[in-house]
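First up is the structure itself, then whatever we jot down about it.
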Amino acid sequence: MSAKAKNAATKGRNQPAQGRTLSDAARGYASQSSSSPEGAKEDGDLPEGWTRLTLGEVGRWFGGGTPSKANPRFWTGGNIPWVSPKDMKFDVVTDAQDHITEDAVAQSATNLVEAGSVLIVVRSGILQHTLPVAVASRPVALNQDLKAIKPLRNINSDYLALALKAFEQDILHTCTKTGTTVQSLEMPIFLRFQIPVAPVAEQQRIVAEIGKQFTRLEAGVAALRRVQANLKRYRAAVLKAACEGRLVPTEASLARSRPLSKNGQPAYESGEALLTRILTERRQNWQGRGKYKEPARPETQGLPHLPEGWTWASPEQLSAAEPHSLAIGPFGSNLKVCDYTDFGVPLVFVRNIRLSRFGGEGAVFVSNAKAAELRAHSVSGGDLLITKMGDPPGDACSYPDGQPDAVITADCIKLRLSPLLPQRQYFVHSINSQVVKSQLQLITKGVAQMKLSLGRFSTIAIPLPPLREQARILAKLEQRLSVVEGLESVVLANLQRVTRLRQSILQKAFTV
């Protein structure tokens, strides 16, 4: 090719996107003599009138930036949406959490992009599995973790956005940087990635048909979400009924049909008598150092009236007669990341404590020697685990029987119950019920991160029914909740199926 021809081709490729047509771009791309783009194929396998273009050829690209936070003129009274990855949750961006002024756009690295621009997250941890893409419905500014492309006038913005989602996994696989602390797209490779481009009229038909199919799917998703919400409400209602004595007949009512005791009273051990027995056993078998100290009583002011034969008890009163039966995880200085090992004694993190269920994935360990150092924070099968932080904190489960002893980390609470309380799962459900959750909400503190202190947790009030009633409540609860969990699994499977169907629709539209 002559120097004159090369210059003409270069000029054609570099002119502003809005001034070029699809055929211009196709000719410009065809004139390139550099190495083949990612996923390059011959145009002969495309339908008539289609072509393949690299992402660098389909429009004009813009980057973003963050105006100085130290300058109030950039952030006060601004009406320009400043889009960051946290705003990229929908297919269309209509606004952003943050807004900036015109001065901020003029005097910083951010750019104002036109309505109809396609926004793409290019740097974020979410790129490990998802490529967020959206179309701007109004002019917006970008932060440095986004790029925007204003498509050629012969390329529909919605078509381009859908194409990017259709090839999402291919893009993430071939264009993501490795070995970095935060996932990001390797822009030179990303810009060489090819997509098939249909004629304009066909683009519009494809977008319309995908929109119709997605609308049907979204209606199904909305119905599934309603079912999820109803199941969540039903679960909460069942737990509340159980902890207020309304799920099964109370021991007091059943005792009235049995022979009376010697003093003429119904023959059963009330929750109050059970608590007295627990406290007596605790006092007699105390293994701690120094003089025995009576456990904290629960704060019961403003709590509902309990059924006959029930009483309120605090976690400390219900705990075993041994040191550290009620404890939090070690302070950060006592357990560091450098202490983690690939095998040994497992650690329990907040992420492992689910509502009523323990999740053991992502196991991390410490050495036996380190675990011995942290024995005050050890847990065994049957111990209750409660989250000390979260949104909100206070989710409870039990550490599974048969699992090796473990060590809890800083933001977990351990409660080892008295051996006189064999129905441990009843207390898990009690802590997860609204009866106790409402108390935890009142004592949770924090601004950026909500936390629950051990001191406050130790004085919450847990409803304590008679032992035989605990067993009946637990049996009925497990029966009801097993049905709920089965339905939740079906809903979750269908939601995952919708995700696969969306991707299948996109693949059929763009895989040619």
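Using helices alone, what [θ] at 222 nm do you get for the chain, with -39,500 (n - 2.57) per DSSP H run of 4 or more residues, divided over all residues and rounded to the nearest 500?
One gets -11500 deg cm²/dmol as the mean residue ellipticity at 222 nm.
Would you please give the FRET efficiency between Thr174 and Ala369, computed as 1/(1 + (r/R0)^6) with r the Cβ-Cβ distance and R0 = 51 Å, to the nearest 0.05? The formula returns an efficiency of 0.65 here. When the GluC sites (Glu not before Pro) in segment 265-373 are filtered for DSSP coil states and for at most 16 other beta-carbon atoms within 10 Å of their beta-carbon, the remaining sites are Glu269, Glu299, Glu308, Glu361.
For the listed residue pairs Lys437/Lys476; Lys293/Lys336; Lys89/Lys147; Lys336/Lys388; Lys336/Lys451; Lys86/Lys212, the alpha carbons are over 23 angstrom apart in Lys293/Lys336; Lys86/Lys212.
Label sites at Ser257 and Trp50, each approximated as a point 7 angstrom past Cα along Cα to Cβ, lie 7.3 nm apart. Beta bridges assigned by DSSP with both partners in the chain are antiparallel in approximately 90 percent of cases. Phi angles of segment 412-418 translate, via the Karplus equation with coefficients 6.51, -1.76, 1.60 and θ = phi - 60°, into HN-Hα couplings of 10, 10, 10, 10, 9, 6, 4 Hz per residue; Gly and Pro are given as x.
Can you tell me the accessible area per residue over the chain, all protein chains present, probe 1.4 angstrom, in square angstrom? Working shown, then result.
Values: 26020 Å² over 512 residues.
Heavy-atom accessible area per residue stands at 51 Å².
Our analysis of segment 386-439 gives Rg over Rh at 0.97, with the two radii drawn from alpha carbon positions and Rh computed by the Kirkwood formula.
When the surface is traced with a 1.4 Å probe over the full set of protein chains, His129 keeps roughly 110 Å² accessible.
If you take the square roots of the eigenvalues of the alpha-carbon gyration tensor of segment 82-132 and sort them as a ≥ b ≥ c, do you get rounded (a/c under 1.5), prolate (a/b over b/c) or oblate? Because a/c hits 1.5 or more and a/b exceeds b/c, segment 82-132 counts as prolate. Our summary gives the chain a relative contact order of 14 percent, counting only alpha carbon pairs under 8 angstrom and 6 or more residues apart.
If the convex hull of the alpha-carbon atoms of the chain is projected onto planes in all directions, what is the mean projected area in square nanometres?
33.2 nm²
Kirkwood analysis of segment 462-512, using all unique Cα-Cα pairs, places the hydrodynamic radius at 14.4 Å.
Using 1/(1 + (r/R0)^6) with R0 = 22 angstrom and r between the beta carbons of Asn285 and Asp405, what's the FRET efficiency to the nearest 0.05? Result of the calculation: an efficiency of 0.55.
Label point of Phe343 set 7 angstrom out along Cα-Cβ; within segment 358-372, amide nitrogens under 14 Å from it belong to 365-368. Count charges around Ile328 for me, please; just the other residues with Cβ under 10 Å from its Cβ, Lys/Arg as +1, Asp/Glu as -1. Result for the local shell: +1. A viscosity of 1.002 mPa s and a temperature of 20 °C, combined with the Kirkwood radius over C-alpha pairs in the Stokes-Einstein formula, give segment 247-323 a diffusion coefficient of 146 µm²/s.
Checking the a/c ratio against 1.5 first, then a/b against b/c, what shape does the Cα gyration tensor give for segment 108-199? Taking the square roots of the gyration eigenvalues as a ≥ b ≥ c, segment 108-199 is oblate. Remark: relative contact order (segment 110-204) = 31 percent; criterion is Cα-Cα distance under 8 angstrom and separation of 6 or more residues.
Diagonalising the gyration tensor over the Cα atoms of segment 267-367 and scaling each eigenvalue by 5 before taking the square root yields semi-axes of 35, 19, 13 Å, largest first.
Spatial offset of segment 269-298 relative to segment 326-394 amounts to 27 Å, using the alpha carbon center of each. Model label sites at Tyr292 and Val484, defined 7 Å from Cα along the beta-carbon direction, differ in position by 3.8 nm.
Averaging Cα coordinates gives a centre for segment 425-458 and one for segment 124-141; these two points are 36 Å apart.
The values are calculated or read from the model by the stated rules, or taken from the named source; none is laboratory data. No experiment lies behind these values; they were computed from the predicted model shown. Virtual Cβ from ideal backbone geometry, glycine too; neighbours counted across all protein chains shown. Please note that ligands, DNA and RNA were not included when accessible areas were found on the heavy atoms of the full protein model with its side chains. Shrake-Rupley method; radii C 1.70, N 1.55, O 1.52, S 1.80 Å.
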